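The values are calculated or read from the model by the stated rules, or taken from the named source; none is laboratory data. These numbers come from a predicted model, not from an experiment. Note that each Cβ is placed from the backbone with ideal geometry, even for glycine, and that neighbours are counted across all protein chains shown. Accessible surface areas use protein heavy atoms only, side chains included; no ligands, DNA or RNA. Shrake-Rupley method; radii C 1.70, N 1.55, O 1.52, S 1.80 Å.
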Amino acid sequence: LRNDSRVILGIDEAGRGPVLGPLVVAGVVLKPQAGSALTRRGVVDSKAFGATDDGRRARADLACHIRRLAVDVQVEVFDHQQVDSFAERGLLIELERRAAGAIIDRRPAVKRIVADGQKVFHLLRFRYPHLAARDFGDEHHVSVAAASIVAKDLRDRLFETIALRYDPEFGPIRGGGYVNEATEDFLRRYHARYRCLPAETRRSWAWKVLLELEPRPLPLFDGQD
């Protein structure tokens with residue numbers, strides 16, 4: 001492992017943009033044989049599977065295979081309050097960098113690290129010279145695609161626990177907590193009943209719906225950076 005330059009630690013995140021729920025950063029270390037096997041099974045960027053129930057099931061199935069075949073899998077999870085504490089200061093990228101650094105420091109020694117997102121992760125090269133920060137890294141390195149699936153699968157499951165808490169009162173919570181009509185519908189119904197936002201809301205987000213329902217000083221993060 002230490003001498004094989006083809007062994008790659010891939011790093012990616014899920015949950016940067018939602019207004020509800022956690023952010024997850026994952027790292028996956030793959031040997032070439034495992035990477036080839038996972039490619040044959042259909043491991044690609046997690047976004048390719050969409051937000052349908054079938055897509056979530058496909059990601060969950062692949063996440064199991066990734067965990068079985070990987071040399072190492074690491075995750076860092078940040079709840080809405082931790083995300084807000086950084087985003088309110090314009091430091092969400094710093095939170096993701098810290099997560100990546102924690103993952104790198106725990107993983108087995110590798111000669112190559114690829115992190116998805118040049119803007120987010122390029123400064124880590126000063127600390128880890130063998131790291132490459134690349135946009136669309138999940139399209140070129142199966143280890144990064146695997147990390148995106150692990151991160152998204154875990155976030156799906158964490159959001160499901162949130163949705164289940166509200167299900168008895170509001171019915172199924174669609175939209176995954178992302179900026180969309182389903183999330184807006186839930187937020188408006190919740191606010192109409194309780195005159196506040198759900199506990200899991202990221203209040204640092206500059207989404208017009210949040211600003212309308214809970215006026216406050218203009219947030220620093222629009223969820224799209």
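One residue alone among D79, D116, D84 is surrounded by fewer than 19 Cβ atoms within 10 Å (Cβ to Cβ), of a type outside the set (A, V, I, L, M) and in contact (Cβ under 8 Å) with a residue 40 or more places away in the chain, and that residue is D79. Flag: V19 does not match the condition of being in contact (Cβ under 8 Å) with a residue 24 or more places away in the chain and in contact with an Asp or Glu (Cβ under 8 Å, 6 or more places away or on another chain). Would a scan of the range 6-29 turn up a residue that is exposed (fewer than 14 other Cβ atoms within 10 Å of the Cβ), modelled with pLDDT under 95 and of a type outside the set (S, T, N, Q)? Yes.
Selection within the range 38-53: residues that are of a type in the set (A, V, I, L, M) and open to solvent by less than 30 Å² (accessible area, probe 1.4 Å). The member of this set that is nearest to D138 (Cα to Cα) is V43. Within the group R106, R127, which residue is more than 26 Å from E200 (Cα to Cα) and out of contact with any strand residue (DSSP E or B) (no Cβ under 9 Å at 6 or more places or on another chain)? Criteria check complete, one pass: R127.
Can we say L197 is among the aliphatic types (A, V, I, L, M), more than 18 Å from the chain's Cα centre (by Cα) and either closer than 24 Å to G55 by Cβ or open to solvent by 70 Å² or more (accessible area, probe 1.4 Å) (or both)? Against the criterion (among the aliphatic types (A, V, I, L, M), more than 18 Å from the chain's Cα centre (by Cα) and either closer than 24 Å to G55 by Cβ or open to solvent by 70 Å² or more (accessible area, probe 1.4 Å) (or both)), L197 does not qualify. Count of the range 107-123 residues, restricted to those that are more than 14 Å from the chain's Cα centre (by Cα) and in a strand (DSSP E or B), is 3. Checking each residue in the range 200-215 for being open to solvent by 60 Å² or more (accessible area, probe 1.4 Å) and either outside any helix (DSSP H, G or I) or at positive phi (or both) picks out R203, P215. Taking the conditions exactly as written (loosely packed, with under 15 Cβ neighbours inside 10 Å, at pLDDT 95 or above and of a type in the set (G, A, S)), does G101 satisfy them or not? No, not satisfied. Is it fair to say V43 is over 30 Å from E88 (Cα atoms) and assigned to a loop (DSSP other than H, G, I, E, B)? Yes, satisfied.
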